[in-house]
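Step one of this worksheet: look at the structure below.
The values are calculated or read from the model by the stated rules, or taken from the named source; none is laboratory data. Keep in mind that this is a model prediction, so the values were computed, not measured. Glycine gets a Cβ as well: all are built from the backbone with ideal geometry, and neighbour counts include every protein chain shown. Heads up: the accessible areas ignore ligands, DNA and RNA and are worked out on the full protein's heavy atoms, side chains in. Shrake-Rupley method; radii C 1.70, N 1.55, O 1.52, S 1.80 Å.
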Amino acid sequence: MSDFLPHVKKCIKTGKIGQAKKLLSNIRDRHLEEKEEILEMVALASDKTALDLLSFLTSDAQKDSQIHDRLIQLVTDRAHLNYSFVLILLQNADRSTIIHATPLLKHILSKETDKELLSNVIRASGKIKIKQMVEDLAEFIFYDDLKLKSDAVNAMERIGTSQALEKLKQAAKTEKCDQDILDAI
């Protein structure tokens, strides 16, 4: 019997992420049972280790069609507890999966305080054109943070629905009106 799985488990448990990635770089060649055990190990790993390994395992270079959907589900589950995992989702999931995660994205926008994470969610909402996010994005027009405000205006412009246009027109009538809003209209 191979000592592959015990080595992977030890690397994950001790936080030796580089070694774990090296071992997992050929995960596509492993049997499904081994892949499932690896998923269980990653699911139980610390946030830092899981964040690094899930990012690695869901990347295009490592994409394994046998377990990709389960990896994305694991990422989504972890993102409900630690919002940083949503970045993996935004980078490595397909459009329909991200749209399906709209309630999670809305929750993050209402609860998160990390500006970089908020910016990523806002920009992704615009890039993917998630029309269900317009109300949530419009809130950021009234924030004092100019980057988040600009990201929100650009996202709403990209979404381009009549609702997004209406929200931008409403903002144009307030003291928060600026050239970004006028250009977007």
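Give me the 1.4 Å probe accessible area per residue for the chain, excluding ligands and nucleic acids, in Å².
Counting only protein heavy atoms, the per-residue value for the chain is 55 Å².
Note down the accessible area of Lys167, probe 1.4 Å, to the nearest 10 Å².
Surface open to solvent at Lys167 totals about 50 Å².
For percent of Cα pairs over 30 Å apart, the choices are [x] 32; [y] 40; [z] 18; which was calculated from the structure?
[x]
Using only Cα atoms, tell me the angle between helix 47-58 and the longest principal axis of the chain; keep it within 0 to 90° and round to the nearest 10.
Roughly 90 degrees, rounded to the nearest 10.
Tell me the mean residue ellipticity at 222 nm calculated for the chain from its helices only (DSSP H runs of n ≥ 4, each -39500 (n - 2.57), averaged over every residue, nearest 500).
-20500 deg cm²/dmol
How high is the relative contact order of segment 1-120, in percent, counting Cα pairs under 8 Å that sit 6 or more residues apart?
After rounding, I find 19 percent.
What is the local net charge at Cys177, summed over the other residues whose Cβ is closer than 15 Å to its Cβ (Lys, Arg +1; Asp, Glu -1)?
Its environment carries a net charge of -2.
Could you work out what % of the accessible surface of segment 131-185 is carbon and sulfur, using a 1.4 angstrom probe and leaving DNA, RNA and ligands out of the count?
Heavy-atom surface of segment 131-185 belonging to carbon and sulfur, 1.4 Å probe: 47 percent.
Between His100, His68, His80, where does the largest GNM mean-square fluctuation fall for the chain, given springs only between Cα atoms within less than 10 Å?
Evaluated over the chain, the most mobile residue of the options is His100.
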